[in-house]
Amino acid sequence: MATFEDIKSIIIKNNPEAEVAVLQRAYDFATQAHAGQKRLDGSDYVQHAIETAYTLAQMNLDLDTITAGLLHDVPEDTAVTLDEIKKEFGAEVAKLVRGITKLGKLKYRGLERYAENLRKMFVAMAEDVRVILIKLADRLHNLQTLDALPPVKQQRIARETLEIYAPIANRLGIGELKGKLEDLAFKYVYPEEYAWVVKNAKARLDEQLAYVNTIIEKMKDLLKQNNIQLIHIHGRVKHYYSLYRKLLRKDMDLNKVYDLVAIRLVVPDVSACYHMLGLIHAQWKPLPGRIKDYIAQPKPNGYRSLHTTVFGDDGRIVEIQIRDKAMHEHAEYGIAAHWHYKEGNKKSFQLPPEQLKWITELLEWQKEIKDNEQYLSALKIDTFQNRIFVFTPKGDVIDLPENATPVDFAYYIHSDIGNKCSGARVNEKIVTLDTKLASGDLVEIIIDKNRAGPTEDWLEFVKTNMAKSHIKSYVKKKHGRLLGIFSRKKEG
Ligand code: MN
């Protein structure tokens, strides 16, 4: 259980000059507003506000966001209005609290209501991403106290976390929070599988950790001998849910998972990252095909690092991740790192456009889809299904849902390229347009300028909603034209 003092000390540690007086006022305000209210687990309601704000403080977010975290349930659950919050804490805090309040408590009254809530959430997210960060922190604590709820609700909340909230955290690049949300929900959604993973991985994990520590000691020597400053090194244990997902693809065989415990090394700068990669490969042989340079080719969510998997001493396999401090911050906090306190830097809350691209795209097509069932399934596929990363001939990274085809790729680049697409090369080989792409593929679209447009049968294999809606609208227009010609003929 976190206390208000815990929140203050994290903030002061990250930012010694922070003016925490406002936070004290928000804490008193929330305590008074929620006085007498209890949560289902019997705790004082204000404890929920504290835990939410604590998570936001751990993410090193700005004071307005943490203050809004303390106040996030006040207008919804008490007599206090948003106007009073604005008067007490200013427009910025009130805006954030309003954003959360507008989302409402998810009431789960059927599909209709659920889809409506999600639509609202993405609108709020486009206006200010911090609203979603508060929502994610709120959800984390609700999961931590899920035992107090009836089983039907547990199921719904946990399932929704795996389907929607964790993928949002992932797309925002907040790796740490995503892992926590998933592990908490995993237990409720797949209790037997969860028990299996915990039981079978435990002994393996301990053994692997001990082994990794011996490698870590040798890496420290390597750093010292080569005068590279060590910022940080540790063995990172894989989260249970992501381990489970991986095991599903590896015949449930723990021996085939090389990153059960990965070594995470943080060094001062990019050149030190590459220097260490070379030194590591000179000492331990890398596994072919497993060196990933996410510094030169960042993941679409902004993640950067060097990954390699090596045969360690006595041939045991271990994954190593190398990054600098900024990359590390981004890997842990993702988009939240954008609001980290920086001295003398008057922060703007506008995000770089490329990081918001998927949100604005999502808003575009959610306007088009009126049917809620269709909306939900498109949302799950386009936005939240497992993503693959493919490359353009220029080396840009494009992320697409699993099983996407060259046609999906073409429409992602531009609707004209989709419409005129007549063939594709994947890794320099000609393939059919319905070929399923895989992560790492280099994709090139062959264009036929004389091509009239897409054909209806493409709808049978395309995956993304973007491709589907372009094809459908073209087909519809064409039918319209044909009908037009037909009726003119009749008249003539
Ligand atoms: Mn709440």
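Filtering Arg245, Arg264 for residues that are at negative phi and without any contact (Cβ under 8 Å) to a residue 24 or more places away in the chain leaves a single hit, Arg245. Residues in segment 61-81 that are over 27 Å from the mean Cα position of the chain (by Cα) and either within 11 Å of the ligand (Cβ to nearest atom) or at pLDDT 90 or above (or both): 3 in all.
Considering only segment 82-156, give the helices (runs of 4 or more DSSP H) lying wholly within it that have at least 1 residues that are within 15 Å of the ligand (Cβ to nearest atom), modelled with pLDDT under 80 and not hydrophobic (A, V, I, L, M, F, W, C). Fully inside segment 82-156 and qualifying: 82-103, 110-127. Applying the criterion of being more than 15 Å from the ligand (Cβ to nearest atom) and not in a loop (DSSP other than H, G, I, E, B) to the residues of segment 47-60, the residue that is most open to solvent (accessible area, probe 1.4 Å) is Gln58.
Only a single criterion out of (1) farther than 28 Å from Asn60 by Cβ; (2) within 16 Å of the ligand (Cβ to nearest atom) is not satisfied by Leu177, namely (1). Exactly one residue among Asp44, Asp64, Asp83 is farther than 25 Å from Asp147 by Cα and either of a type in the set (Val, Ile, Thr) or surrounded by 15 or more Cβ atoms within 10 Å (Cβ to Cβ) (or both), and that residue is Asp64. Annotation note: Cβ proximity below 7 Å between a residue of segment 42-61 that is without any contact (Cβ under 8 Å) to a residue 24 or more places away in the chain and a residue that is open to solvent by 30 Å² or more (accessible area, probe 1.4 Å) and away from the ligand (no atom under 11 Å from the Cβ) (sequence gap 6+ or interchain) occurs for Asp44/Lys38; Val46/Thr31.
Residue-by-condition table, conditions (1) small (Gly, Ala, Ser); (2) under 29 Å from the mean Cα position of the chain (by Cα); (3) in a loop (DSSP other than H, G, I, E, B):
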site	(1), (2), (3)
Leu433	no, no, yes
Glu444	no, yes, no
Ala467	yes, yes, no
His470	no, yes, no
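Set side by side, the residues Gly289, Gly302, Gly278, Gly334 differ, and just one is over 25 Å from Asn386 (Cα atoms) and of a type outside the set (Val, Ile, Thr), which is Gly278. With respect to the conditions (1) away from the ligand (no atom under 16 Å from the Cβ); (2) under 30 Å from the mean Cα position of the chain (by Cα); (3) within 26 Å of Ile157 (Cβ to Cβ), Gly36 lacks only one, and its number is (2). Checking each residue in segment 1-46 for being basic (Lys, Arg) and outside any helix (DSSP H, G or I) picks out Lys38, Arg39. Screening Tyr244 on (1) aromatic (Phe, Trp, Tyr); (2) touching a Ser or Thr at 6+ places or on another chain (Cβ under 7 Å); (3) within 30 Å of Pro191 (Cα to Cα) shows it passes everything except condition (2).
The values are calculated or read from the model by the stated rules, or taken from the named source; none is laboratory data. All of these numbers come straight from a predicted model, not from anything done at the bench. Backbone-built Cβ (ideal geometry, glycine too); neighbour counts: all protein chains shown. Remember, those area values only see protein heavy atoms, side chains included, never the ligands or the DNA or RNA. Shrake-Rupley method; radii C 1.70, N 1.55, O 1.52, S 1.80 Å.
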